[in-house]
1. I want to check the label-to-label distance for residue 89 and residue 156. Put each point 7 Å from Cα in the C-beta direction and report it in nm to one decimal.
2. Multiply the residue separation of residue 26 and residue 48 by 0.36 nm, subtract the distance between their alpha-carbon atoms, and state the gained length in nm to one decimal.
3. If you average 1/r across every pair of different Cα atoms in segment 225-311 and take the reciprocal, what Kirkwood value do you get, in Å?
4. Have a look at segment 194-352 and give its Rg and Dmax from the Cα atoms, expressed in angstrom.
5. Between residue 351 and residue 61, what's the calculated FRET efficiency when r is the beta-carbon distance and R0 is 51 Å? Round to 0.05.
6. For a label point 7 Å from the Cα of residue 305 along Cα→C-beta, name the residues of segment 249-286 whose backbone N is under 16 Å from it.
7. FRET efficiency for residue 149 and residue 315, Cβ-Cβ distance as r, R0 = 41 Å, nearest 0.05?
8. Tell me the label-point distance for the pair residue 281, residue 294, using the 7 Å Cα-to-Cβ offset, in nm and rounded to one decimal.
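What follows is calculated from the coordinates using simple rules that are stated; it is not laboratory data. Worth saying up front: this structure is predicted, and the values here are computed from it rather than measured. Every residue, glycine among them, receives a Cβ derived from its backbone with ideal geometry; neighbour counts consider all protein chains shown.
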């Protein structure tokens, strides 16, 4: 039966009201028995007990009738905008049902007990507190339902926000991958131009390993520094096929930092950015230093700007900035003092992710 179905109660009432209803009905039946039963003082206990049973029956009937009205209204008028409409309809039913049930109950009690006296004016005096109590109970139901709906709305808003953030992160990851692929194709072209077929074959083999890593990390927002360094070292190994000893990377990473988290391909994008915008030659070897300072990965290179500057979209830096902003409250830091270019990437824990 719908009234006694736990899932239905929670869905339309906002909570499982079993114990609330049980205790309230018990108390109300005693109160209404006292207020409704206009007996003389010398009445027998059995008559009081029978009167209470009748009061209990009508309290149960009225309670479940009103609760069914509430469930119907919330099923058909569930939104916040319908709150006033629900309250007014419930109030109308209370005004109608309480006097009607009082009258029917009094007639039944009067048929059982000859010494029971029904006075219309006295009945209206006791009906007012019953109506007030009924309105208060319905107000409790409405307040709990409103609170449950508010929590649900906040939860749905958070879920929508998480879906949108995840979609943005996926788009940014997908944006970084073609960027990497384009640059590695340029490296492969240089090797082929040098008529080094064996080196080109070896390069493709290494490149396939790198892309395996990209595919494996493609569905995560954070990876360990250990894995990011492995990927970055593989990338540098590929670039060494093109630049040889003219490209040097100094890795100064303590073991204690390796289990910290960074966004995937962040260090690799910074290495790629440094190679793209600086001279890498025998006379001017490009030295890139990767170190840990104050819970940040620091990627630093001396500025050796090319005489013919390539158009910069700053795609790599923007990509990293946006992903860190979406995942955590810790921004990256970019420093350019004219001699050195440094980017500080925050080292994160899984708990640092935005909820």
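1. In this crude spin-label approximation the distance works out to 1.9 nm.
2. 6.4 nm is the gain from fully extending residue 26 to residue 48.
3. So the Kirkwood estimate lands at 13.6 Å.
4. Taking only Cα atoms of segment 194-352, I get Rg and Dmax of 15.9, 51 Å.
5. That pair, residue 351 with residue 61, gives E of 0.45.
6. In segment 249-286, the label zone of residue 305 (backbone N under 16 Å from the point 7 Å along Cα→Cβ) covers 274-280.
7. 0.40
8. 3.7 nm
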